[in-house]
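Have a look at the structure below, then the notes.
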Ligand code: SAH
């Protein structure tokens with residue numbers, strides 16, 4: 001897929017890069033040099049292991065990913081970093097890097113905006129501008145690696161979560177391409193075990209993903225114990241029922257041997273009563289799964305609120321009492337607009353008001 005008339009080297013598999021080099025009539029080992037430079041996030045003009053002539057021929061048709069860090073914010077609370085990236089066509093996306101003792105986790109975006117319309121989410125407020133290509137999703141990892149490598153050459157992205165802006169399963173082919181690219185032996189070689197993908201529950205694509213033989217951890221944004229409540233906050237609930245989502249999850253677990261993670265954002269007065277917890281426990285009982293409870297990160301544009309601490313704690317305790325595996329997601333980067341889509345929106349607003 002072209003971005004502003006250019007193809008992305010980061011979006012090509014090793015054998016496809018070999019094809020590009022063959023078409024240029026150059027020696028096969030040049031392809032390996034290109035792959036190594038791509039892995040370091042170098043743009044074509046920085047590929048100094050190549051003769052100028054090859055760089056010149058490549059640059060007519062190719063860029064590496066076009067993904068650049070425009071701004072970087074570091075949380076004073078927890079060292080979370082938030083990047084505002086620009087794409088080759090000028091669109092903006094955002095990414096969060098969370099630092100843990102065992103390595104860094106990067107949260108990548110899969111679309112510019114989102115068309116799923118979840119009521120609590122900032123990413124979807126202006127709809128979906130376009131899908132990202134596999135090369136652009138990988139480009140976010142490459143740019144982050146380069147950035148953190150400048151401070152500490154041994155530091156790099158260890159885990160990836162597809163939980164930024166966009167619905168990954170609404171951009172299925174490019175997301176699967178990314179998952180295979182990042183997994184390549186000659187590429188970044190990040191195992192599926194270190195990757196989680198979050199979906200609002202596009203059921204047919206959940207089955208397709210289960211059959212791809214890329215056993216990433218599947219996270220499902222459930223956010224409600226029944227369809228009636230779910231429809232109030234997630235329009236996708238009109239297309240797929242919780243029953244069908246659970247059935248698809250069971251298939252995913254059977255095919256991949258991995259447990260599924262259910263995300264549950266607590267919205268005050270909507271989905272966090274003890275009765276809601278009991279109903280949630282009843283649909284998940286006996287399943288190989290885990291629940292990640294997230295107190296709502298309130299978004300200025302939405303009049304939905306975070307519940308009181310006691311409500312959150314009671315909800316979690318009720319699930320525990322029902323023997324459901326549950327944790328509360330740490331709220332990171334609250335001071336740097338850590339939640340989905342908040343940073344991109346505030347920048348678009350700033351630009352418009354100039
Ligand atoms: N489209 C995917 C990935 C999006 S975001 C999905 O729907 O799963 C990752 C998670 O953050 C999702 O569970 C999403 O529902 C949740 N989320 C979005 N906005 C939020 C907010 N304001 N507060 C808490 N969680 C939010």
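The values are calculated or read from the model by the stated rules, or taken from the named source; none is laboratory data. Keep in mind it's a predicted model, so treat the numbers as computed, not measured. Every residue, glycine among them, receives a Cβ derived from its backbone with ideal geometry; neighbour counts consider all protein chains shown.
Looking at this structure, is residue 160 closer than 28 Å to residue 287 by Cα and touching a strand residue (DSSP E or B) at 6+ places or on another chain (Cβ under 6 Å)? For residue 160, the condition - closer than 28 Å to residue 287 by Cα and touching a strand residue (DSSP E or B) at 6+ places or on another chain (Cβ under 6 Å) - is met. If you go through the range 172-189 and keep only what is more than 16 Å from the ligand (Cβ to nearest atom), outside any loop (DSSP other than H, G, I, E, B) and in contact (Cβ under 8 Å) with a residue 40 or more places away in the chain, you end up with 177, 180, 181, 182. Selection over the range 255-275 of residues that are more than 14 Å from the ligand (Cβ to nearest atom) and touching a strand residue (DSSP E or B) at 6+ places or on another chain (Cβ under 9 Å) gives a count of 3.
Checking the range 136-145 against the condition returns no match, with no residue being part of a strand (DSSP E or B) and more than 30 Å from residue 302 (Cβ to Cβ). Just one residue in the set 246, 229, 236, 261 is within 24 Å of residue 177 (Cβ to Cβ), in a helix (DSSP H, G or I) and either more than 21 Å from the chain's Cα centre (by Cα) or touching a residue at least 60 places away in the same chain (Cβ under 8 Å) (or both); that residue is 236.
Between residues in the range 84-113 that are free of Cβ contacts under 8 Å to residues at least 12 places away in the same chain and under 19 Å from residue 196 (Cα atoms) and residues that are assigned to a loop (DSSP other than H, G, I, E, B) and within 14 Å of the ligand (Cβ to nearest atom), which pairs lie under 8 Å by C-beta distance while being six or more apart or on different chains? Once the first residue is free of Cβ contacts under 8 Å to residues at least 12 places away in the same chain and under 19 Å from residue 196 (Cα atoms) and sits in the range 84-113, no partner that is assigned to a loop (DSSP other than H, G, I, E, B) and within 14 Å of the ligand (Cβ to nearest atom) comes close enough. The single residue among 142, 125, 169, 132 that is within 16 Å of the ligand (Cβ to nearest atom) and within 20 Å of residue 184 (Cα to Cα) turns out to be 132. Of everything in the range 294-315, what is at pLDDT 95 or above and within 10 Å of the ligand (Cβ to nearest atom)? Give them in sequence order. None - no residue of the range 294-315 is at pLDDT 95 or above and within 10 Å of the ligand (Cβ to nearest atom), so the list stays empty.
From the set of residues in the range 201-215 that are assigned to a loop (DSSP other than H, G, I, E, B), touching a residue at least 40 places away in the same chain (Cβ under 8 Å) and more than 12 Å from the ligand (Cβ to nearest atom), which is farthest from the chain's Cα centre (by Cα)? Here the residue is 211.
Screening the range 40-122 for strands (runs of 3 or more DSSP E) wholly inside it with 2 or more residues that are touching a helix residue (DSSP H, G or I) at 6+ places or on another chain (Cβ under 7 Å) returns the ranges 68-74, 81-86, 92-100, 103-107.
Taking residue 160, is it assigned to a helix (DSSP H, G or I) and within 16 Å of the ligand (Cβ to nearest atom)? Taking the combined requirement at face value, the residue does not satisfy it.
Going by the conditions given, is residue 96 assigned by TED's automatic domain parsing to the domain that holds residue 187 and closer than 23 Å to residue 149 by Cα? Here the answer is yes, as residue 96 does meet what is asked. Please find, among 198, 192, the residue that is within 11 Å of the ligand (Cβ to nearest atom) and within 15 Å of the chain's Cα centre (by Cα). After applying the criteria, what remains is 198.
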